[in-house]
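Okay, so here's the structure we're looking at.
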Amino acid sequence: MKTAVLIVLFALPAWPQAAAKANEGYKTKEGRDRVAATLSNPHRDETQKPDELVAALNLKPGMTVADIGTGVGYMLPYLSRAVGPAGKVFSEDIQTDFLDRAKTHASAEKLTNVQFFLGSETDPKLPPGSVDVALVLDTYHHFDYPGKMLANISHALKPGGRLVIVDYYKSSRPDHVRLERDDVAKEIESNGFHLLSQHDHIPKSQYMLTFDRP
Ligand SMILES: C[S@@+](CC[C@H](N)C(=O)[O-])C[C@H]1O[C@@H](n2cnc3c(N)ncnc32)[C@H](O)[C@@H]1O
């Protein structure tokens, strides 16, 4: 009996995967191809409103913005234009096939200020103290290890840098999204950030939370 309990205990992962459900469709190449098609849907601007999103980020020419969980690089042209030729966009993902698609997109759009980073589930692996604004769009609810990701994002921010989460209200995608907006804010604050502002990005669908580090 004791042996059976020990076997079960050792079979459990050392860290629970917070987003196991949201990440189900990402496990296979076929699943990711399906996600990629939705992320690059030509009608996505109507529901994602990327110009309004970038305006709310308050980016300035010369800044460095990180697109954490860049997917197929949908936001890259908007972010690239906002920081201009003197600025930088760090495009990061944990899936090489998404990152390859983001590279192809940036190249087709002739973006010259984008650098690409292959991160891990716990670390975006961005240069320390290098980022003015870290954007996490439709990705926070995919973090399996939010505490470790937040610590490493914090490490990548410049002093005074901001973390911006844009995500779905749980009520709009209850089976997919892990936490309500206010619980996301609490979780991030309990990991050393301070909530500066919150607003609806797309009413009843997506919110934006902006944090700095005290
Ligand atoms: C729904 S997609 C959103 C992609 C992109 N932000 C967009 O809105 O077009 C979620 C992305 O998060 C990535 N992802 C999941 N966990 C991650 C992690 N810990 N760090 C970075 N990216 C992650 C996935 O590979 C995927 O590209």
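The values are calculated or read from the model by the stated rules, or taken from the named source; none is laboratory data. Not measured: the values here are computed from a predicted model. Cβ atoms come from the backbone with ideal geometry, glycine included; neighbour counts cover every protein chain shown.
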*Ala86 fails exactly one of the following numbered conditions: (1) more than 12 Å from the ligand (Cβ to nearest atom); (2) part of a helix (DSSP H, G or I). What is the number of that condition?*
(2)
*Look at Tyr74 and say whether it is within 11 Å of the ligand (Cβ to nearest atom), touching a residue at least 40 places away in the same chain (Cβ under 8 Å) and in contact with a His (Cβ under 9 Å, 6 or more places away or on another chain).*
no
*Residue match in segment 105-115 (condition: assigned to a loop (DSSP other than H, G, I, E, B), hydrophobic (A, V, I, L, M, F, W, C) and within 16 Å of the chain's Cα centre (by Cα))*: no
*Any idea which of Lys186, Lys110, Lys170 is crowded, with 17+ Cβ neighbours inside 10 Å and free of Cβ contacts under 8 Å to residues at least 24 places away in the same chain?*
Lys170
*asked:* Among the residues that make up segment 113-125, is at least one of them more than 25 Å from Asp100 (Cβ to Cβ) and out of contact with any Lys or Arg (no Cβ under 8 Å at 6 or more places or on another chain)?
replied: no
*Looking at Pro124, is it within 14 Å of the chain's Cα centre (by Cα) and modelled with pLDDT of 95 or more?*
yes
*State whether the residues of segment 19-39 include one that is touching a strand residue (DSSP E or B) at 6+ places or on another chain (Cβ under 9 Å), within 14 Å of the ligand (Cβ to nearest atom) and among the β-branched types (Val, Ile, Thr).*
no
*Have a look at Ser91, Ser130, Ser107 and point out the one that is away from the ligand (no atom under 12 Å from the Cβ) and within 25 Å of Asp212 (Cβ to Cβ).*
Ser130
*When you look at Thr96, is it at pLDDT 95 or above, farther than 21 Å from Leu150 by Cα and within 11 Å of the ligand (Cβ to nearest atom), yes or no?*
yes
*(1) closer than 19 Å to Ser130 by Cβ; (2) within 9 Å of the ligand (Cβ to nearest atom): which one isn't true of Met63, the others all being true?*
(2)
*Among the residues of segment 144-167, is there at least one that is more than 15 Å from the ligand (Cβ to nearest atom) and polar (S, T, N, Q)?*
no
*Checklist (1) under 25 Å from Ala55 (Cα atoms); (2) over 14 Å from the mean Cα position of the chain (by Cα) applied to Ser171, failing item*: (1)
